[in-house]
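Written below as structure tokens is the structure these notes are about.
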Amino acid sequence: MAADQLRGQYLVEALAACDNCHTPRGPNGYDLSARFSGGSQTFTGKDYIARGSNITPDKETGVGGWSDDAVSAAIVAGVGDDGQLAPAMPSDSYRVLTDADRNAITAFLRAQSPVKAQPMAPPQRQGKWSPHPAPGAEAAFDEAALSEKVKRGLYVASIARCLACHSTEVDDAPDYVNGLGAGGKIFRTPAGVAVASNITPHPEKGVGAWSDDEIKRAITHGVSRKGEALKPPMSNLAKAHFAKMSPEDLDALVAYLRTVPAKE
Ligand code: HEC
Ligand code: HEC
């Protein structure tokens with residue numbers, strides 16, 4: 001694979017976890033024979049029902065007929081071929097992508113096998129959603145930002161959606177002003193109910209008293225401070241995706257998390 005495709009693969013697999021919503025699941029996890037041909041999960045919000053679309057290069061049912069710019073716009077701006085995508089597509093978290101990284105993701109997608117598959121349910125979108133990027137992650141980063149450790153950590157946290165899942169919510173959207181990293185969002189999966197934890201540096205309620213290694217182990221192995229298995233979606237993301245994070249990104253991510261204001 002070319003260097004940009006490899007970088008795209010890293011971003012897609014280790015950070016953004018695009019498979020999580022765009023690859024169908026079988027009994028043993030992702031069905032990679034139909035990779036990126038559409039997700040198994042239906043997302044229902046106040047004004048929409050959506051499924052992760054077919055993002056393979058198939059011309060008819062995927063994005064094979066889209067220009068690179070159109071694919072990029074879907075990823076970072078949430079613009080589809082017929083208007084705004086439902087917020088289940090986490091473009092707010094991908095706004096930070098540098099130009100090179102955005103292009104790398106597109107190049108990686110272009111290199112996948114086309115799969116003919118219609119998304120299982122036609123999306124319904126009636127809403128007009130306002131964007132909710134995390135503080136400091138409102139716009140594309142430049143390459144220089146990635147060599148500043150804490151900024152790089154914010155970059156990783158945004159793309160990996162740590163903040164989108166781990167912040168309190170108001171009206172179905174993360175409340176970054178009052179609840180950045182404070183947890184509380186409820187996830188219902190076939191495996192049960194999980195409540196996102198407080199990942200701020202609060203010494204009792206958050207991860208302030210954890211060692212760097214304990215935080216890294218939770219992220220990459222999906223286990224608690226005591227070593228007990230965390231519930232999905234965290235456990236799945238950790239094992240299938242975050243386990244592939246580079247040591248540099250992981251260090252930066254932990255350094256960033258330590259700078260988030262502590263919340264009860
Ligand atoms: C949390 C789930 C989720 C993740 C993670 C996710 N997507 Fe999506 N994506 C969706 C959903 C749902 C839609 C369809 C939205 C709609 O129909 O309005 C979508 C739509 C798209 C589209 C528009 C395709 C079309 O036919 O309209 C593209 C392109 C896309 N995603 C690419 C990506 C890439 C690349 C990644 C990883 C960098 C990614 N997505 C990560 C849920 C997700
Ligand atoms: C799709 C939502 C989602 C995403 C994305 C996500 N998490 Fe989680 N995370 C959760 C949930 C839910 C739990 C609680 C699991 C449980 O109760 O077993 C959790 C648990 C954790 C824990 C364990 C905390 C404790 O007190 O045991 C840490 C640490 C953590 N996440 C950090 C992160 C980081 C860092 C990222 C980004 C790389 C991230 N998470 C991405 C939903 C998510």
TODO: Just name the residue that is farthest from Y48 (Cα to Cα) out of those in the range 83-99 that are away from ligand 2 (no atom under 14 Å from the Cβ) and touching a helix residue (DSSP H, G or I) at 6+ places or on another chain (Cβ under 7 Å).
DONE: T98
TODO: Name, by its number, the condition in (1) hydrophobic (A, V, I, L, M, F, W, C); (2) surrounded by fewer than 21 Cβ atoms within 10 Å (Cβ to Cβ); (3) touching a strand residue (DSSP E or B) at 6+ places or on another chain (Cβ under 9 Å) that does not hold for A164.
DONE: (2)
Open item on the list: Looking only at the range 15-60, count every residue that is outside any loop (DSSP other than H, G, I, E, B) and away from ligand 1 (no atom under 11 Å from the Cβ) and tell me the total.
Closed with: 7
Task: Cross-chain or 6+ apart pairs with Cβ under 6 Å, the range 98-118 first and surrounded by fewer than 16 Cβ atoms within 10 Å (Cβ to Cβ), then modelled with pLDDT of 95 or more and part of a helix (DSSP H, G or I) - done: A111/Q5
Task: Subset tally (residues that are surrounded by 15 or more Cβ atoms within 10 Å (Cβ to Cβ), over 20 Å from A238 (Cβ atoms) and within 16 Å of ligand 1 (Cβ to nearest atom)) for the range 172-193 - done: 2
TODO: With the condition kept exactly as written, say whether any residue in the range 77-86 is assigned to a helix (DSSP H, G or I), of a type in the set (S, T, N, Q) and surrounded by fewer than 18 Cβ atoms within 10 Å (Cβ to Cβ).
DONE: no
TODO: Among the numbered conditions (1) surrounded by 18 or more Cβ atoms within 10 Å (Cβ to Cβ); (2) touching a residue at least 40 places away in the same chain (Cβ under 8 Å), tell me where A196 comes up short.
DONE: (2)
Open item on the list: If a residue must be modelled with pLDDT under 95 and under 22 Å from I219 (Cα atoms), how many such residues does the range 1-24 contain?
Closed with: 0
TODO: Residues that are within 15 Å of the chain's Cα centre (by Cα): find the helices (runs of 4 or more DSSP H) completely inside the range 92-185 holding 3 or more of those.
DONE: 99-110, 149-159, 162-166
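The values are calculated or read from the model by the stated rules, or taken from the named source; none is laboratory data. Small disclaimer: the values here were computed from a predicted structure and weren't measured. Neighbour counts run over all protein chains shown; Cβ positions are idealised from the backbone, glycine included.
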